[in-house]
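First comes the structure, then the notes that go with it.
Here, each number is a calculation from the coordinates, and none is a lab measurement. Only a predicted model underlies this, so the values are computations on that prediction, with no experimental measurement involved. Cβ coordinates were reconstructed from backbone atoms using ideal geometry, including for glycine residues, and neighbour counts include every protein chain displayed.
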Amino acid sequence: MISRAAEAAREQGATKIETVIAQGDPARAILSESRKRGVDAIVMGSRGLSDLKGFVVGSVSHKVAHTAECTVITVR
C-alpha cells in the first residue's frame with residue numbers, strides 16, 4: 001500500500017517522497033517522525049468522527065492536530 005501511495009504521488013508531480021513504517025501509538029509515531037524530520041506540515045486523513053466521539057475514542061488526527069509543532073492539514 002505504501003509503495004502504491006508513493007507512486008500515485010509521483011504521478012501527480014511530487015518529486016521528494018519519503019515513506020516510513022513505524023510501530024506503536026500512531027499519533028506519537030507521526031509526531032516523533034515529524035520532529036525528527038523537521039517537517040513544515042503534516043497532511044493526514046480523517047474518518048470524520050464527530051468532535052465528541054473523536055475526543056472520547058481518541059482519534060489520531062485529533063491528537064496530531066492539537067499536539068504538532070507544525071501545520072496539520074486534515075482531509076476527509
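Points to keep in mind about this one:
- Cα-only Debye scattering, the chain: base-10 log of I(q)/I(0) at q = 0.23 Å⁻¹: -1.21
- Counting neighbouring Cβ atoms within 10 Å and putting the fewest first, the residues K16, K63 line up as K16, K63.
- Sequence-distant residues sharing a close amide H with V39 (under 5 Å, placed H): none
- Stretch gain in nm, segment A8-R47, where the contour uses 0.36 nm per residue and the Cα spacing is subtracted: 11.9 nm
- The residues I21, I30, I73, I42, when put in order of fewest to most other Cβ atoms within 10 Å, stand as I21, I73, I42, I30.
- GNM result for the chain, Cα springs below 10 Å: residue of A22, A14, A41 fluctuating most strongly: A14
- Less than 5 angstrom separates the built amide H of V72 from those of I42, all sequence-distant by 5 or more or on a different chain.
- Taking label points 7 Å from Cα along the Cα-to-Cβ direction, M1 and V75 give a separation of 1.5 nm.
- Distance (nanometres) between label positions extended 7 Å along Cα→Cβ at T67 and A22: 0.9 nm
- Taken one residue at a time, the phi angles of segment 66-72 give Karplus couplings (6.51, -1.76, 1.60, θ = phi - 60°) of 8, 10, 4, 8, 10, 5, 10 Hz. Gly and Pro are set to x.
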